[in-house]
1. For segment A:132-190, compute Rg over Rh where Rg is the Cα radius of gyration and Rh is the Kirkwood radius from the inverse mean 1/r over Cα pairs.
2. For the modelled label position 7 Å from the Cα of residue B:258 along Cα-to-Cβ, which residues of segment B:358-387 have backbone nitrogen atoms closer than 20 Å?
3. Rounded to the nearest 500 deg cm²/dmol, what is the calculated helix-only ellipticity per residue at 222 nm for chain A, with -39500 (n - 2.57) per DSSP H run of length n ≥ 4?
4. Evaluate peptide B:50-56: per residue, the Cβ atoms of other protein chains within 10 Å of its Cβ; return the mean as an integer.
5. Binning at 5 Å from 0, report for segment A:268-311 what percent of all alpha-carbon pair distances ends up in each bin.
6. Relative contact order of segment A:125-253, please, whole-number percent, based on alpha carbon pairs below 8 angstrom and at least 6 residues apart.
7. Translational D (Stokes-Einstein, µm²/s) of the protein assembly as shown at 20 °C and 1.002 mPa s when Rh comes from the Kirkwood sum over C-alpha pairs?
8. Once all Cα-Cα distances of segment B:3-79 are split into 5 Å bins that start at 0, what whole-number percent is in each one?
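Values in this text are rule-based calculations from the coordinates and carry no lab data. Predicted model, so just to flag it, every value in this text is computed and none were measured. Positions of Cβ are generated from backbone atoms using ideal geometry, with glycine treated the same way; all protein chains shown enter the neighbour counts.
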């Protein structure tokens with residue numbers, strides 16, 4: 001293998017694929033990335049056997065070939081090089097790097113040992129705007145927690161319909177649902193429901209989040225592939241393949257309350273601030289109290305800790321319905337509030353032990369349901 | 001040679017040819033699914049393994065298999081059920097803080113059962129020995145011993161717990177049996193929905209395929225004729241095929257008002273068992289177990305005090321205990337009996353419900369599906385006279401109203417009429433068990449409305 005490429009380009013690719021190459025003790029080759037050539041393209045690949053990433057870039061290829069080298073070492077080194085042309089040469093499982101005043105040799109392992117990242121060939125695919133998708137997913141991705149007892153809810157649930165993508169996540173204490181209404185409907189023969197591991201979803205956001213253009217998704221029974229394309233030519237730039245979590249996502253629609261006993265509309269930033277202030281005194285249980293009488297024009301947010309002291313604050317709000325006296329874990333409230341983009345928030349409550357709902361004003365694409373702390 | 005032995009043979013030999021790391025990575029959780037006409041299907045945990053075995057080890061595997069079994073001509077790989085990796089649960093300390101969860105997520109979608117209800121956590125005392133014994137017998141041998149099993153008792157005494165425990169136990173012991181738990185309210189709405197969508201046939205076949213059908217709070221079927229009819233047919237099909245049916249209600253079948261006679265007699269055909277109020281010792285035992293579950297401990301006087309103050313409802317008992325635990329946590333100190341009395345004051349002495357003559361008459365009218373006006377009128381129709389007498393009886397019993405007062409309430413009837421009514425009902429109660437149940441139900445409704 002012999003090729004030349006600009007340092008900046010190579011660095012960009014390494015930063016992307018390096019993310020999934022893992023420190024694996026059982027299979028050391030997973031620490032490596034695969035470097036290979038395909039006609040006019042250089043291909044970098046890495047995998048941890050759950051997620052696999054392929055990245056391509058145009059490069060001057062003089063001789064084809066492939067090899068794997070330790071990813072951390074290679075990427076740290078390339079990061080330090082000046083933004084100049086780099087010549088890379090492979091010989092007997094070693095690579096030789098030449099760039100301006102640097103002359104380096106790195107030991108590699110034969111490419112034959114490297115896992116094969118599955119390809120998705122058959123099945124349907126759809127495309128949509130990368131930015132919108134990543135921003136939407138970002139609103140729920142932090143909710144799930146890893147759990148062995150309920151692997152289904154440790155992932156993020158995606159539902160693809162003709163003109164709608166629904167993204168849902170829960171950790172059994174709260175649940176976020178984001179809808180993307182599509183302007184141009186998909187040409188799908190059927191609907192797709194799938195659960196993607198949380199880590200893979202986070203990588204998708206990290207990797208594609210900054211990109212512009214279209215993201216293409218390929219469906220298959222056990223896995224899913226996300227693909228973005230090069231600006232300069234019609235070739236895929238990044239492909240991310242992830243396994244899917246088996247099992248059926250719970251019927252979460254039942255959780256979202258259809259009615260409310262009390263509806264509070266209030267300013268987002270003020271609410272955020274006061275919850276943060278109350279959180280300082282919330283003690284180990286993270287408990288903050290929210291209170292309002294029926295007919296009041298304000299709600300009271302309070303917290304107390306036997307060691308630290310107590311706090312009480314008022315916030316003006318439009319209140320409809322019954323009086324309220326309810327406690328929440330402030331962290332769960334903050335997670336919901338921070339993902340709401342509008343300046344005002346609708347906060348709906350159902351008794352002191354029923355789920356509360358946070359949603360933006362004038363936007364029905366996002367909803368966040370949170371369970372209270374049992375009144376004591 | 002069985003599939004298992006064949007694959008073990010492959011694993012044993014391939015081990016020698018590849019590194020331990022590779023072996024552990026690529027051959028873990030693999031197995032032979034099927035072997036048909038020389039084709040072998042191998043299940044692998046994920047697509048990476050499939051690609052790898054197909055492309056790298058296929059030749060070796062094939063050679064070994066061919067040596068062991070010459071009939072095999074082709075090997076295929078498919079991604080099967082992966083056993084999930086053991087991941088440590090992110091340790092968020094939420095359990096201590098009474099953070100509530102979405103109950104919907106815990107429920108098994110297939111059976112509708114909540115796994116938290118099991119026999120082990122069900123506390124048996126003299127008051128529920130019979131239903132518990134019947135339930136355990138049914139769980140061991142569903143469909144043959146007591147069919148249907150009908151459990152009744154007041155609110156908060158553990159009917160649902162017992163019912164779900166049977167379901168969970170059967171689901172655990174008989175993997176192939178289809179268990180379904182449903183509340184009668186859900187059942188009704190399913191009937192309505194299937195009629196609306198013209199899918200009554202698929203509704204029927206869905207229920208007829210069930211091995212253990214558990215319906216909670218069957219008394220709510222009262223008055224819903226179409227649902228009763230559907231249920232009647234389902235009941236018959238299941239019963240004839242020796243499928244277990246388990247029902248619960250807040251009163252015995254006899255006392256369920258406006259229930260079709262044919263259903264009533266069927267409910268009584270199996271085993272009826274009632275859960276009565278727990279005795280003092282059991283209440284203390286329940287409190288202790290609950291406290292243990294929540295990892296707290298109180299002195300025995302506290303349990304005794306709670307058990308003696310709350311007598312009828314286990315749910316209330318638990319609520320009071322939770323209150324104490326919360327209080328103790330906030331204030332970080334051991335509670336003494338005096339403080340406890342103060343904390344629980346408003347739980348125990350909830351303002352006595354005010355019962356008015358109007359409320360009694362209203363409830364009686366509602367109970368018998370009459371208009372309030374009918375009862376107060378002077379009609380002598382039998383179906384009205386009887387409820388009127390019951391209303392008079394209750395006015396006397398519950399409110400100690402004077403007979404002339406009662407007479408005046410009913411459009412100026414003579415006080416002797418009131419005396420007659422009161423005596424008549426009082427006498428009949430002694431003989432007629434059904435009437436007694438009816439009246440106690442009405443009383444309950446008056447108190448709870």
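1. A ratio of 1.04.
2. It comes to B:360-377, B:381-387, nothing else.
3. -5000 deg cm²/dmol
4. What the average comes to for B:50-56 is 3.
5. Percent of pairs per bin, in order: 5, 24, 28, 21, 14, 6, 1.
6. Averaging sequence separation for qualifying contacts and normalising by length gives 28 percent for segment A:125-253.
7. The estimated diffusion coefficient comes to 66 µm²/s.
8. 3, 16, 31, 30, 15, 4, 0
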